[in-house]
Amino acid sequence: METRLIIIGAITLGYFALMSIITYRVRRHANSSDGMTAGGRNYPAYLIGALLLSEFIGSSVSIGTAQKGFELGISAAWNLVALSLGFLLLALVLVKKYKESGQSTISGILAQTYGEPVRYAASVLTIVALSIVAVALYAGGGAVLAAVLHIDKTTAILLTGGITVIYVSLGGMRSVVYTNFAHSIMKYLGMILALAFALEASGGIQVLQVQLPARMFDWVEVGWGQIVAWMIGGIGSIFATQYVIQALVSTDNPAVAKRACFYVSALMIPFGLMAAVVGMCSAVMYPGVKSIDAFPTLIAHMPAFSASVMVVGLAGALFGGIAATTLASATLAMKDFYDPIFNKEKDDRKSVRFIRIAILFAGLLPLVLALSADKLLMIAFLGKALRATLAVLVLMAFYAPTFGTPRGAFVGVILSVVATIGWFLAGNPFGVDSSYLALAAPLLTMGISHLFKAPPAPKLPSGSTAATS
């Protein structure tokens with residue numbers, strides 16, 4: 001056991017030493033606020049695709065999917081199917097619109113149509129949603145590192161938080177793009193190795209069919225209500241996630257951004273299937289463990305080298321996911337609050353200093369909640385569900401800009417935050433997922449505001465003048 005830990009520790013440390021070198025080499029791109037938040041432009045499609053893939057197959061989703069696979073079986077993969085469909089629709093419906101908007105933040109896009117109050121409300125909603133996602137990421141990554149490295153879970157979570165904040169604040173967006181390319185490769189390779197080990201150790205699919213209840217091979221065992229909720233949360237989050245927009249607008253043109261989305265969409269479903277099957281194998285091999293420990297326990301029993309790849313991939317995805325969420329939150333805080341209110345002279349040195357401080361807070365505050373989080377997939381999809389509200393408003397802003405009113409949009413965002421989080425904390429009463437409330441809130445308020453909207457003033461004929469008394 002001691003030799004195994006030494007091998008895993010050495011490979012993990014070596015990998016992250018390499019990531020640190022990359023971060024150090026690109027630090028010159030983080031000397032300005034634009035460099036911190038965009039890292040330069042013209043990234044190729046495969047780099048952007050790998051960045052987005054790494055964010056959406058992070059520790060919370062992979063461990064959460066295995067957890068659901070342990071409990072319910074193969075239907076757990078639907079949450080990755082939802083994400084796959086989301087990226088496909090993003091490429092077909094919104095990528096070109098985002099590029100043409102000239103904006104790099106979701107709040108800026110909405111402000112063009114609905115005004116400044118909606119900018120601030122959307123910015124706060126996004127920061128809250130990303131912080132919730134960070135909680136799930138920390139909890140998932142901490143569970144894996146604690147199980148594999150035989151350290152306390154609290155120590156593992158605090159350690160990952162500290163490391164992430166350091167390397168994001170040093171390298172900014174460019175370090176996130178480059179390191180996440182490596183993270184996504186290691187994560188995908190690690191999942192393949194984990195699946196191979198799980199199938200061999202459990203006896204293969206035929207043994208699973210004998211040992212597990214038939215319902216665990218039912219593709220819709222999780223229930224259509226949950227599947228639709230995953231669709232709403234997954235698609236909505238992809239349409240209106242700050243770091244997705246930052247990544248897509250950093251490409252040369254819409255064709256490159258679309259290609260990146262197609263890459264991610266194609267890779268999502270196989271990953272979801274592998275994670276669900278890993279959870280099912282764990283249910284056969286380790287039936288007495290908690291469902292949240294299904295994946296970490298399996299990794300703890302893998303051979304040293306393959307376990308090292310999996311640990312590196314999960315830890316890398318954790319760091320990459322936290323990096324993206326903290327950088328996105330810091331970007332919004334700077335562009336929507338700090339610069340307009342406290343840095344009106346546009347002193348870039350002050351902006352850079354603020355971003356680094358904001359990264360510190362955005363990276364460390366979710367740690368407190370992560371220490372007691374256990375329903376990883378539910379928490380991760382709460383963060384995604386909240387962004388479904390912004391996705392609805394973005395679609396309206398681009399394709400139905402005269403529908404509703406700015407006040408309706410503002411009230412919709414506020415109502416979504418209160419209702420969605422409140423419903424989730426109440427345990428999703430009556431079996432209704434909080435995602436439905438996030439979708440309904442803006443539709444309701446914009447619909448009501450449109451009904452009571454004052455008709456537009458009639459246009460005077462060309463060349464005529466208003467009558468005077």
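The values are calculated or read from the model by the stated rules, or taken from the named source; none is laboratory data. Given the structure is predicted, the values throughout are model-derived calculations rather than measurements. FYI the Cβ positions are ideal-geometry reconstructions off the backbone, even for glycines, and counts take in every protein chain you see.
Among the residues that make up segment 434-450, is at least one of them more than 30 Å from Asp152 (Cα to Cα) and modelled with pLDDT under 90?
So in segment 434-450, the residues more than 30 Å from Asp152 (Cα to Cα) come out as 434-450.
Filter again for modelled with pLDDT under 90, leaving 434-435.
Among the residues of segment 434-450, at least one is more than 30 Å from Asp152 (Cα to Cα) and modelled with pLDDT under 90, which makes the answer yes.
Out of Ala136, Ala129, I need the residue that is surrounded by 19 or more Cβ atoms within 10 Å (Cβ to Cβ) and modelled with pLDDT of 80 or more. Which one?
Ala129
If you check Gly408, Gly447, which single one turns out to be in contact (Cβ under 8 Å) with a residue 40 or more places away in the chain, farther than 19 Å from Leu125 by Cβ and out of contact with any Leu (no Cβ under 8 Å at 6 or more places or on another chain)?
Gly447
Suppose we filter segment 381-426 for residues that are in contact with a Pro (Cβ under 6 Å, 6 or more places away or on another chain) and under 13 Å from Gly115 (Cβ atoms); how many remain? Can you show your working first?
Start the filter on segment 381-426 by keeping residues that are in contact with a Pro (Cβ under 6 Å, 6 or more places away or on another chain), which leaves 389, 392-393, 410, 412.
Adding the requirement that they be under 13 Å from Gly115 (Cβ atoms) leaves 393, 410.
The total comes to 2.
Checking the structure you have, find out if any residue of segment 276-285 is within 25 Å of Gln211 (Cβ to Cβ) and among the polar types (S, T, N, Q).
Yes.
Every residue in segment 46-80 that is assigned to a loop (DSSP other than H, G, I, E, B) and modelled with pLDDT of 90 or more, please.
Within segment 46-80, the subset assigned to a loop (DSSP other than H, G, I, E, B) is 57-58, 73.
The answer is Gly73, and nothing else.
Does segment 86-112 hold any residues that are closer than 19 Å to Pro340 by Cα and in a helix (DSSP H, G or I), and which are they?
Result: Ile106, Ser107, Gly108, Ile109, Leu110, Ala111, Gln112.
Determine whether Leu248 is in contact (Cβ under 8 Å) with a residue 24 or more places away in the chain, within 25 Å of Ala370 (Cβ to Cβ) and not small (Gly, Ala, Ser).
When the stated conditions are applied, Leu248 does not pass them.
Out of segment 346-370, which residues are within 29 Å of Gly140 (Cβ to Cβ), touching a residue at least 40 places away in the same chain (Cβ under 8 Å) and in a helix (DSSP H, G or I)?
Matches in segment 346-370: Ile355, Arg356, Ile359, Leu360, Ala362, Gly363, Leu364, Pro366, Leu367, Leu369, Ala370.
Is there any pair linking a residue in segment 183-194 that is under 13 Å from Pro270 (Cβ atoms) to one that is among the aromatic types (Phe, Trp, Tyr) and part of a helix (DSSP H, G or I), with Cβ under 7 Å and at least six apart or on different chains, and which?
The qualifying pairs are Tyr188/Phe271; Met191/Phe271.
Note down all Cβ pairs under 8 Å where the first residue falls in segment 423-435 and is outside any helix (DSSP H, G or I), the second is at pLDDT 90 or above and among the aromatic types (Phe, Trp, Tyr), and they're at least six residues apart or on different chains.
Qualifying pairs under 8 Å: Val432/Trp423.
Out of all the residues in segment 239-271, which are farther than 14 Å from Lys97 by Cβ and within 15 Å of the chain's Cα centre (by Cα)?
If the condition is that a residue be farther than 14 Å from Lys97 by Cβ and within 15 Å of the chain's Cα centre (by Cα), then Thr241, Gln242, Tyr243, Gln246, Ala247, Val264, Ser265, Met268 are the ones that fit.
What helices (runs of 4 or more DSSP H) lie completely within segment 262-345 and have 1 or more residues being in contact (Cβ under 8 Å) with a residue 40 or more places away in the chain and crowded, with 24+ Cβ neighbours inside 10 Å?
On the way: elements: 294-300, 304-333, 339-342.
Once the helices (runs of 4 or more DSSP H) in segment 262-345 are filtered for at least 1 residues that are in contact (Cβ under 8 Å) with a residue 40 or more places away in the chain and crowded, with 24+ Cβ neighbours inside 10 Å, what remains is 294-300, 304-333.
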